[in-house]
Amino acid sequence: QVQLVESGGGLVQAGGSLRLSCTASGTIFSLNGMGWYRQGPGKQRELVATISSGGIANYADSVKGRFTISRDNAKNTIYLQMNRLQPEDTAVYYCFAYIGITRYWGQGTQVTASS
């Protein structure tokens with residue numbers, strides 16, 4: 001069994017910052033790519049950022065220059081540092097991880113940026 005546990009969501013004013021964390025636990029033999037999706041109210045799910053096991057990061061155009069994804073392989077954890085948050089960033093953020101070729105999901109954490 002594998003679990004992804006997210007933390008760090010909350011409510012901030014526009015222009016503020018939050019840091020999300022996602023930790024994988026359980027039977028993990030090969031933790032590969034990880035990342036974050038988000039789904040805002042009335043919007044389609046959007047891929048926000050990914051990071052490979054070697055630390056190569058990719059971002060959606062909408063968050064480039066504001067969000068930074070990182071990972072600590074020793075802790076099976078990834079982070080999403082979100083700066084200059086805007087109301088359009090309001091969404092439930094879901095962590096995912098590939099273990100082998102299987103994708104696992106976190107439960108989601110709410111991020112709200114108020115104007």
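Ordered by solvent-accessible area of protein heavy atoms (1.4 Å probe), largest first, the residues 72, 89 come out as 72, 89. The per residue volume of the convex hull around the alpha-carbon atoms of the chain is 92 Å³.
The HN-Hα couplings worked out from phi for the range 62-75 by the Karplus form 6.51 cos²θ - 1.76 cosθ + 1.60 (θ = phi - 60°) are 5, 10, 4, x, 10, 10, 9, 9, 8, 8, 10, 5, 5, 9 Hz, whole numbers, x standing for Gly and Pro. Within the shell defined by Cβ-Cβ distances under 10 Å, the residues around residue 14 carry a net charge of -1, with Lys and Arg each +1 and Asp and Glu each -1. Surface composition of the chain: carbon plus sulfur atoms hold 48% of the accessible area, using a 1.4 angstrom probe and ignoring ligands, DNA and RNA.
Per residue, the range 13-115 exposes 51 Å² of solvent-accessible protein surface, assessed with a 1.4 angstrom probe and all protein chains in place.
The values are calculated or read from the model by the stated rules, or taken from the named source; none is laboratory data. All of these numbers come straight from a predicted model, not from anything done at the bench. Positions of Cβ are generated from backbone atoms using ideal geometry, with glycine treated the same way; all protein chains shown enter the neighbour counts. Areas reflect the complete protein model, heavy atoms only, side chains present, ligands, DNA and RNA absent. Shrake-Rupley method; radii C 1.70, N 1.55, O 1.52, S 1.80 Å.
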